[in-house]
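Participant: One structure, pasted below without further comment.
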Ligand SMILES: [Zn+2]
């Protein structure tokens, strides 16, 4: 890959303020892009508007600025991309790859054959051959195959799923409702010309679905690197659900140093008392992708 072709991104969901786990993903994706002489974009993954917290998107951007991040181009907001997602869904419907599904949650639970990788149920394929008589579509689903979808993650190694077994035909849009995260990410990665996805390992189970969507839509597939995620003492990913604390203003350099150390970088501890710009100067000069721990989760230190 030539340096100019590298385009990476950081894509937080505005469900709360930036916390340490998100900072790790921001630092890792940004430094990998800059080390390749590449572009680094920011995308606000606010497609699921019911989960968005008012003001959180602006708060995340202000925290990134205070930490000294500099992104390329304007921030892309998924909440403003409905026309693009609708066009992608329409093309999948036109080719028969997407189909309407009338099943209620209860009906799927009654006939599902197993648990899906995302914690839900494997869709049993009830509406694959057409809607039952007298029923209307409640959702649009994408046909998946029995074949293995595999990729070589730069950190986690080879990862594979058989979507028909591990996920089932998955939802692209709830009828007259929001577009699914998987569709939005696939469409936006293509739209933004993303060549490299560097993000937390908590999203690795989504990657085969996104690769499948890329193939169905005729998109290129980026390379993937799933960073270890910060967990609490119980081994749970730090998130709003597990009460991850927001980053505290005035501690930006210390937080950056902590994120770099989490990613295996031997940053001098004294830089925690310096300005964020000094931390960045060190990080840009010393970033080592090879030093990132080849693990999916690491307990964060307080
Ligand atoms: Zn159905």
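Participant: Within the stretch 179-201, track down each residue that is assigned to a helix (DSSP H, G or I) and in contact (Cβ under 8 Å) with a residue 40 or more places away in the chain.
Facilitator: Across the stretch 179-201, the qualifying residues are 181, 183, 184, 185, 186, 187, 188, 189, 191, 201.
Participant: Here is a check on your reading of the model: is residue 221 part of a loop (DSSP other than H, G, I, E, B) and either within 22 Å of residue 297 (Cβ to Cβ) or in contact with a helix residue (DSSP H, G or I) (Cβ under 7 Å, 6 or more places away or on another chain) (or both)?
Facilitator: Against the criterion (part of a loop (DSSP other than H, G, I, E, B) and either within 22 Å of residue 297 (Cβ to Cβ) or in contact with a helix residue (DSSP H, G or I) (Cβ under 7 Å, 6 or more places away or on another chain) (or both)), residue 221 qualifies.
Participant: Looking only at the stretch 141-158, filter to residues that are surrounded by 17 or more Cβ atoms within 10 Å (Cβ to Cβ), within 15 Å of residue 216 (Cα to Cα) and more than 13 Å from the ligand (Cβ to nearest atom); which one of those is nearest to the chain's Cα centre (by Cα)?
Facilitator: 149
Participant: For a quick check of your reading of the model, give me the residue pairs whose first member lies in the stretch 136-147 and is closer than 8 Å to residue 99 by Cβ and in contact (Cβ under 8 Å) with a residue 12 or more places away in the chain, whose second is within 11 Å of the ligand (Cβ to nearest atom) and part of a loop (DSSP other than H, G, I, E, B), with beta-carbon atoms closer than 6 Å and at least 6 apart or on different chains.
Facilitator: As it stands, the answer is 141/169; 143/169, since those pairs meet every condition given.
Participant: Here is a list: 57, 94, 88. Which entry is surrounded by 13 or more Cβ atoms within 10 Å (Cβ to Cβ), within 30 Å of residue 128 (Cβ to Cβ) and at pLDDT 95 or above?
Facilitator: When all the criteria are applied, what remains is 88.
Participant: Just need a number here: residues in the stretch 247-271 that are in a helix (DSSP H, G or I) and either within 25 Å of the chain's Cα centre (by Cα) or crowded, with 18+ Cβ neighbours inside 10 Å (or both).
Facilitator: 12
The values are calculated or read from the model by the stated rules, or taken from the named source; none is laboratory data. Here the structure is a predicted model, which means the values were calculated and not measured. For neighbour counting, all protein chains shown are included, and Cβ atoms are generated from backbone atoms with ideal geometry for every residue, glycine included.
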